[in-house]
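The values are calculated or read from the model by the stated rules, or taken from the named source; none is laboratory data. As the structure is a computational prediction, the values presented were derived from the model and not from experiment. Don't worry about glycine lacking a Cβ; one is built from the backbone with ideal geometry, like all the others, and counts go over all protein chains shown.
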Amino acid sequence: MASSVFNVGKTMRGYSGKKYRVSPGAVHEMISRLDLWFETNMKEVCRVSKSHGRRTIMEDDVTEFFSMKKNGFTGNQE
């Protein structure tokens, strides 16, 4: 089972490389942006799941959501 804990600060430090430090304020800002992303996009993820006749969001639903061109994750927006 996947963990429901995601350490944002640790992840930011890991991807920023050894030349950069990450301030607590930057971590808090990233957390608020991630929270906003979920608030904005989870309804669409739920719609994908519902289109398959489910009330449980499955990994395929998340994959399908991220592959939609209109979401801007594939590089081309419709």
Item to complete: Output the qualifying pairs, or none if there are none: Cβ atoms under 8 angstrom, residues six or more apart or on different chains, first residue in the range 18-33 and β-branched (Val, Ile, Thr), second residue surrounded by 12 or more Cβ atoms within 10 Å (Cβ to Cβ).
Response: Val22/Gly9; Val22/Met12; Val22/Arg13; Val22/Ser16; Val27/Val8; Val27/Gly9; Val27/Met12; Ile31/Val8
Worksheet, complete the sentence: Those residues of the range 1-33 that are within 19 Å of Glu59 (Cα to Cα) and among the hydrophobic types (A, V, I, L, M, F, W, C) come to a total of 4
Worksheet item: In this structure, is Thr11 among the hydroxyl-bearing types (Ser, Thr, Tyr), in a helix (DSSP H, G or I) and surrounded by 10 or more Cβ atoms within 10 Å (Cβ to Cβ)?
Response: yes
Discussion item. I'm checking my understanding of the structure. Among residues of the range 14-52 that are part of a loop (DSSP other than H, G, I, E, B) and exposed (fewer than 10 other Cβ atoms within 10 Å of the Cβ), which one is modelled with the lowest pLDDT?
Written reply: Lys18
